[in-house]
Amino acid sequence: MSQSITKSSTDVTAAASERRPSAALEFGQAWDYAPAPEAPDHVRIDPRYGLFIGGRWVTPRSGRWFQTISPSTEQVLSEVADASAQDVDDAVRAAREAYDKYWSKMKGSERAKYIFRIARALQEKARELAIVESMDGGKPIKESRDVDIPLAAAHFFYHAGWADKLDYAFHGRRWRPLGVAGQIIPWNFPLLMAAWKIAPALACGNTVVLKPAETTPLTALLLAKIIEEAELPPGVVNIVTGAGETGAALANHPDVDKVAFTGSTDVGKKIQRALAGTTKRLTLELGGKAANIVFEDAPLDQAVEGIVAGIYFNQGHVCCAGSRLLVEESAHDLLVRKLKDRMMTLRLGDPLDKNTDVGAINSKMQLGKIRELVEAGEKEGAERFSAPTKIPEKGFWFPPTFFTGASQSCRIAREEIFGPVLTIMTFRTPDEAIEKANNTMYGLSAGVWTDKGAKIFHMATKLKAGVIWGNTYNKFDPSSPFGGFKESGFGREGGRQGLSAYVEVE
Ligand code: NAP
Ligand code: MG
């Protein structure tokens, strides 16, 4: 890297506990890279976005608009339509018409061409999309550039490949599309979640109405522009922005055949209750409280990187974040020391800076939730360590933090914090690790770190989690199904299994 080295001004955040001097720690305090911001000048964000319905940009019938801001600067980025139930109705009608007229009748090889076009356009506009993702949601450009956008394109490529091969996807059984899919997504991976939802639906011949999250609507709207440029038949994909009521109107619309929801367990349960007794198909991708399990024989330095990637990069705004660290008692002190040293080198700040590791918290509301749970951890007697880091004056931020000495009954060990906060606990035997890891209402993901492959396989068979990483963490691929057990939801996204959510198999 060509950055010059400058002296940094770090100060200590509230409640940072005692610091143990070490070489890495002193380095982290004394030196930092010069700023290397990604230039946003080529990025065009319109001052206002309407709803994308029936292939056209329309003014919301509600007459209401809301602002989307950058959580790192609190600057207003754009104004976005707030879709009412009537607007949602228009979108569902457009999707139904497109389903009946074009999409359900089109040959798979033709559908594939459109989906490939979207994938290629995402690659061509990758830089712009990454910048907008980081501006609107606060995540570091390293993440949006290297993870979110390439994976979103990969999902469209992957599913374009399936569109004309579906006769081979379900063991030779006949299949048909479901109809209109109503899809609701959260704010933590805005474009990637849109891709996870839209690509398989289109590949299987369904049409779509998608509602992005209130705080991060911009990349879904840029995706709508890409879909417009790819000349998909009008109404095949409709994007309606709005808040929770817009999502509820979509899920409850009588002409929606399938609801796909990714978000919190509370809202997921509400939707499940509302859909009970209807013929609608439902998939739910909900919260998590993953255990990252580190054995004494693990490569500890590698494990530290996995722990950091699993909870601090992306501010812990990840459903499968490794938010509980279970470490074998004999390795606890060494691992905690190594983790502290690594945390001293994490750079928090401008999401557009290519050197930033930890960006902004997505919203003021989310920051409030994180603070509340961290306070609860302190009150319940766990010991807190927060990396000493300079917090920018504007925006919403929380320093990388961990707790030691927490018991399994503490709120920080049970509830999803959805922030850069790790709860560290210990175990003595593999059985104890399994029992503690499974002692949660969630079951989305887990990680196992050990030198012994057999131990990884043994643990994987006992852990009740949909995704289990061995000696790595947070790795995704469109061909690999993702989804949870227990209150993390049901249904899978990605892979051949993910296609089943969008077809009726005879
Ligand atoms: P959320 O509050 O449940 O919101 C998710 C989406 O649902 C948003 O678009 C939201 O709109 C909308 N919504 C809110 N109330 C609704 C209602 N009554 N009916 C229909 N839709 C409604 O979740 P979030 O805070 O955005 O996202 C964080 C959660 O998502 C975490 O729990 C995380 O674990 C989970 N998540 C899970 C996965 C997975 O694959 N399992 C992936 C990513 C995230 P507004 O934005 O306007 O509130
Ligand atoms: Mg925003």
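Among the residues of the stretch 170-204, those that are buried (at least 24 other Cβ atoms within 10 Å of the Cβ) and more than 14 Å from the chain's Cα centre (by Cα) comprise 180, 181, 182, 183, 198, 199, 200, 201, 202, 203, 204. Annotation: of all residues in the stretch 214-231 being open to solvent by 10 Å² or more (accessible area, probe 1.4 Å) and within 13 Å of ligand 1 (Cβ to nearest atom), the one that is farthest from residue 174 (Cα to Cα) is 215.
Take residue 296 and decide whether it is modelled with pLDDT of 95 or more, out of contact with any strand residue (DSSP E or B) (no Cβ under 9 Å at 6 or more places or on another chain), of a type in the set (Asp, Glu) and surrounded by fewer than 20 Cβ atoms within 10 Å (Cβ to Cβ). No; evaluated as a whole, the condition is false for this residue.
Would you be able to say whether some residue in the stretch 234-246 is in contact (Cβ under 8 Å) with a residue 12 or more places away in the chain, open to solvent by 10 Å² or more (accessible area, probe 1.4 Å) and in a loop (DSSP other than H, G, I, E, B)? Scanning the stretch 234-246, I find at least one residue that is in contact (Cβ under 8 Å) with a residue 12 or more places away in the chain, open to solvent by 10 Å² or more (accessible area, probe 1.4 Å) and in a loop (DSSP other than H, G, I, E, B), so the answer is yes. The condition of being more than 7 Å from ligand 1 (Cβ to nearest atom) and either surrounded by fewer than 21 Cβ atoms within 10 Å (Cβ to Cβ) or at pLDDT 95 or above (or both) holds for only one of 267, 256, that being 256. Within the stretch 132-145, the set of residues being away from ligand 1 (no atom under 16 Å from the Cβ) and open to solvent by less than 10 Å² (accessible area, probe 1.4 Å) comprises 132, 134, 140, 141. Of the strands (runs of 3 or more DSSP E) lying entirely inside the stretch 403-506, those containing at least 1 residues that are within 25 Å of residue 148 (Cβ to Cβ) are 421-427, 445-449, 467-470. Restricting 122, 129 to those that are within 16 Å of ligand 2 (Cβ to nearest atom), farther than 23 Å from residue 169 by Cα and crowded, with 17+ Cβ neighbours inside 10 Å reduces the list to 129.
With respect to residue 250, is the statement that it is in contact with a helix residue (DSSP H, G or I) (Cβ under 9 Å, 6 or more places away or on another chain), outside any helix (DSSP H, G or I) and away from ligand 2 (no atom under 16 Å from the Cβ) true? Judged against the criteria, residue 250 is not a match.
You will find that of 92, 88, 80, 76, the residue that is buried (at least 17 other Cβ atoms within 10 Å of the Cβ), over 27 Å from residue 178 (Cβ atoms), assigned by TED's automatic domain parsing to the domain that holds residue 176 and aliphatic (A, V, I, L, M) is 80 and no other. The numbered conditions (1) under 17 Å from the mean Cα position of the chain (by Cα); (2) farther than 24 Å from residue 133 by Cα; (3) among the β-branched types (Val, Ile, Thr) are all true for residue 271 except (1). Residues to consider are 457, 418, 398; find the one that is among the aromatic types (Phe, Trp, Tyr), outside the structural domain of residue 161 (by TED's automatic domain parsing) and away from ligand 1 (no atom under 16 Å from the Cβ). None of the other options fit; the residue is 457.
The values are calculated or read from the model by the stated rules, or taken from the named source; none is laboratory data. Model, not experiment: these values are computed from the prediction. We place every Cβ from the backbone using ideal geometry, glycine too, and count neighbours over all the protein chains shown. Just so you know, the surface numbers come from the protein's heavy atoms only, side chains and all, with ligands and any DNA or RNA stripped out. Shrake-Rupley method; radii C 1.70, N 1.55, O 1.52, S 1.80 Å.
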